[in-house]
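The values are calculated or read from the model by the stated rules, or taken from the named source; none is laboratory data. Since this is a predicted model, take the numbers as computed values, not measurements. Reconstructed Cβ throughout: ideal geometry from the backbone, glycine too, with neighbour counts over all protein chains shown.
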Amino acid sequence: MTLATHATAPRPITTAAVTLIPGFFTAPVPPTPLVFNAQHDACPTATVALLRFADDIGRAVGYDREQGGRLIQDIFPVRSHELAQVSSSSKVVLGSHTETAFHPHKPRYVVLLCLRSDPQAATTYADVADIVIHLSDEDLAVLQTNEFVTSVDPSFMSNGEPDAQVRVTPLTATGEGWSLIYDQLLMRGTTPRATTALSAMHHAVKHTTQQVVLAAGDILVIDNHRCVHGRTPFAPRYDGTDRWLKRALVVQSLDGIDAIERVIQTQL
Ligand SMILES: O=C(O)CCC(=O)C(=O)O
Ligand SMILES: [Fe+2]
């Protein structure tokens, strides 16, 4: 794989739902930050390495309402987020979700680069190909309708932005197989049969969820069309030794997407 940033149509690196690349990053890592600082990147070498990787499999993007639109985001435990459903939480299970499930322009890939590991904190994932096996024909049919809504991710409302109820269709058959949109905690059915089908989907996701503990230097590429992901709880220490990831959200192309310098605009 070349690491050069290219201007032509990107190619996906894999057709797998998740791909682990061990030992991608080997440079020294400073202590884990305690607070977000938009003016200061505590590990710029990792930011550059991840941005190159992301731009080799697609286009790294930011979102206007998330972490100030940053292309490479930091994920470490933040004391005031311990119990929230955001990636900087720690003491709670981060429920299984499609990244930005509510958004019309979801990333195709979520790329996580682990700078500092925590053995308790496993990244969880479930492949839609496994999930659908556990659904009845009737539930499968209902899950292909738009009788569902999801709300805005809390990470898009950190400056008091309004919530919204957005209609979504959980399962779509595509030429590449099933594609899914799911959020364990934010989604609900708008009809009795949708509520029943969603409950079956919760069970199917739970039943098929696997996990991986990322080690320092690892990259995990999650296909956000084909699998949901989350994280197990862990105990933060706030002493510079906590778990620390860098994250890139990657689209295949920005064609037809309202974006300002790769920062996708949110219109609901
Ligand atoms: O911390 C993790 O392993 C995953 C967190 C997450 O959901 C994300 O970064 O999108
Ligand atoms: Fe996520």
Check every one of the strands (runs of 3 or more DSSP E) wholly within region 175-268 and list those with 3 or more residues that are surrounded by 14 or more Cβ atoms within 10 Å (Cβ to Cβ) and away from ligand 2 (no atom under 16 Å from the Cβ). 177-180
Arg59 fails exactly one of the following numbered conditions: (1) farther than 30 Å from Leu268 by Cβ; (2) touching a residue at least 12 places away in the same chain (Cβ under 8 Å). What is the number of that condition? (1)
Just need a number here: residues in region 109-139 that are within 16 Å of ligand 1 (Cβ to nearest atom) and of a type in the set (A, V, I, L, M, F, W, C). 9
For region 63-100, the count of residues that are away from ligand 2 (no atom under 15 Å from the Cβ), acidic (Asp, Glu) and at pLDDT 95 or above equals 1
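The rows are residues; the columns are (1) within 30 Å of Gly217 (Cβ to Cβ); (2) out of contact with any helix residue (DSSP H, G or I) (no Cβ under 8 Å at 6 or more places or on another chain); (3) surrounded by fewer than 17 Cβ atoms within 10 Å (Cβ to Cβ); (4) aromatic (Phe, Trp, Tyr).
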| site | (1), (2), (3), (4) |
| --- | --- |
| Leu113 | yes, no, no, no |
| Ala122 | yes, yes, no, no |
| Glu138 | no, no, yes, no |
| Thr150 | no, yes, no, no |
| Asn159 | no, yes, yes, no |
| Asp163 | no, yes, yes, no |
Condition first: away from ligand 1 (no atom under 16 Å from the Cβ) and closer than 18 Å to Tyr125 by Cα. Can you find one or more residues in region 160-173 that meet it? yes
